[in-house]
1. Taking 7 Å along the Cα-to-C-beta vector as the label spot, tell me the ASP271-ASP421 distance in nanometres, rounded to one decimal.
2. Please work out the FRET efficiency for the pair LYS461 and GLU206, using the Cβ-Cβ distance as r and a Förster radius of 45 Å; give the result to the nearest 0.05.
3. With a point put 7 Å past each Cα toward its Cβ, work out how far ALA385 is from GLU181 in nm, to one decimal.
4. Calculate what fraction, in whole %, of the accessible area of the range 359-485 sits on carbon and sulfur atoms when a 1.4 Å probe is rolled over the protein chains.
5. If I ignore ligands, DNA and RNA and count only protein heavy atoms, how much of PHE446 is accessible to a 1.4 Å probe, in Å² to the nearest 10?
6. Given the peptides 378-389, 315-326, 142-153, arrange them by the average over their residues of other C-beta atoms within 10 Å, most packed first.
7. Just the number please: accessible area per residue for the range 212-285, 1.4 Å probe, all protein chains included, in Å².
8. When a/c reaches 1.5 or more, the comparison of a/b and b/c decides; with that in mind, is the range 339-419 rounded, prolate or oblate per its Cα gyration tensor?
Amino acid sequence: MGKLQNRRKKHPGKDYDEEEFEDDEEMEDEEELDDDDDDDDEDDEDEDDEYDEEDRREYRHKRRMRNQIIAYSVVFVIFMAIVSGGVVLGSKIVSSVKEKKQAEELVKQQEEEAEQEAEEIVIDTPDVVVEENEEDIYEELVETSIADMPLEDKIAGLFIVTPESITGVITATQAGNGTQEALNQYPVGGLIYFGQNILDEEQIKEMLSNTKSMSKYRIFLAVDEEGGSVSRVADSSVEVTKVDSMATIGESGDPAKAQESGATINSYLKDLGFNLDFAPVADVVPEGGNSVLGDRSFGSDPAAAGEMVKGFVTGLQDPQMSACLKHFPGLGEATEDTHETWVEITKTLDEMRATDFVPFQAGIDAGADFVMVSHVTAPSVDPNALPSSLSEKIMTDILRNELGFEGIIITDALNMTAITDYYPPEDAAVMAIEAGADMLLMPEDFTKAYDALLAAVQEGKISEERINDSLRRIYRVKCKGEKPE
């Protein structure tokens, strides 16, 4: 109503319908109300905007917080993963190191066990392992033994002579100053003793012991002790067990008796001081025929004689005692004695292979250290018709190469008539070495033989290396009983 009055005052001439105005007023009121509502809406919108901005800030804040939490969580997870991975990797590394260490320890343990097993094998099988080692050691010992020898001593070392031949006495029964002086001048490879040198057990022991100590090199102390009729010691006043003749042993047909005989001789010879026995006789005699050897052969059957020779060598020889097969290539057919005259045999080489060589091969296979070559001549074998002791065909081609003998080849005594009537001692010595002999036994004149052989080397007729070859064979035997340090 107040609005209606106001309008009448402003417009007095105009008639206003009260009812209409009321409607208008109501509309105005509504419009005002609407305006108020709009204002309220605007206020609400402003308030909403304020609320939205605050919500957005809070939302952004929460989002940043969430993102930070997520980022920190991711970092933490990654960190933990790295730490876990490091722990796992570290564990693997530690485990790998441990495994490697354990593997190394296992390998080391296996090596130690293998070494221990190898040592046990060596202990359990000394023959196989030690044999290979000893061979090298002995070869070194052999080379050392001859390396510093002057040529003069090397030449002397190729001779085995009687003590009388170097001392000048008629009969040597002791080794004193004369023996010492002789061995200083001529350090021979060996000395051989006969019945005249053996008076009794004490005397021969002392003589051999002194001689051994006086020699500046290892020395052979030799004797002929076959048994039967050729027994230098058993036939002396020294009390020893007498061994039957080889013919008697051969007739028994038992090689064990031959071995027992060899062992018996070995025992008493070593006890006296000998280290080389010129036995056994390996010659085959003709069946029912006459032979210069008498009862010194095991018989006429080559195979049976070979078994006897093998048994005798096995019983006689050991590291301190050497056996010597004699008289190559075979003296059984001979009816005359080379001590007294020139002797020829008529057998062909094939006939010798079938008979005479059989016992020698058996003795060589048994390991005999020496083979003695006789002075018998075999024209059908050696066209030069030389005594076997001077024949390259007999000593080198047949004995060394065909029969495979690697030991010491020694001549029979060079003072026998079969040599001395035809060859001066100087020529015989040089010829024998040139033909393949390693040692020269009892030349007719030792000094002449020694001087001639020395001159042959000095003049280049025989090389010093050829002399060294023989010395190596000699010292392999001389050193075999020694234990190198």
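1. 4.3 nm
2. Using R0 = 45 Å, I get an efficiency of 0.60.
3. Taking the simple label geometry, ALA385 and GLU181 are separated by 4.7 nm.
4. Percent of accessible area from carbon and sulfur atoms in the range 359-485: 42.
5. 10 Å²
6. Result, highest mean Cβ count within 10 Å first: 315-326, 378-389, 142-153.
7. 38 Å²
8. Verdict is oblate for the range 339-419.
The values are calculated or read from the model by the stated rules, or taken from the named source; none is laboratory data. Keep in mind that this is a model prediction, so the values were computed, not measured. Methodologically, a virtual Cβ is constructed for each residue, glycine included, from the backbone with ideal geometry; neighbour enumeration extends over all protein chains shown. To get the accessible areas, we keep the full protein, side chains included, count just its heavy atoms, and leave off ligands, DNA and RNA. Shrake-Rupley method; radii C 1.70, N 1.55, O 1.52, S 1.80 Å.
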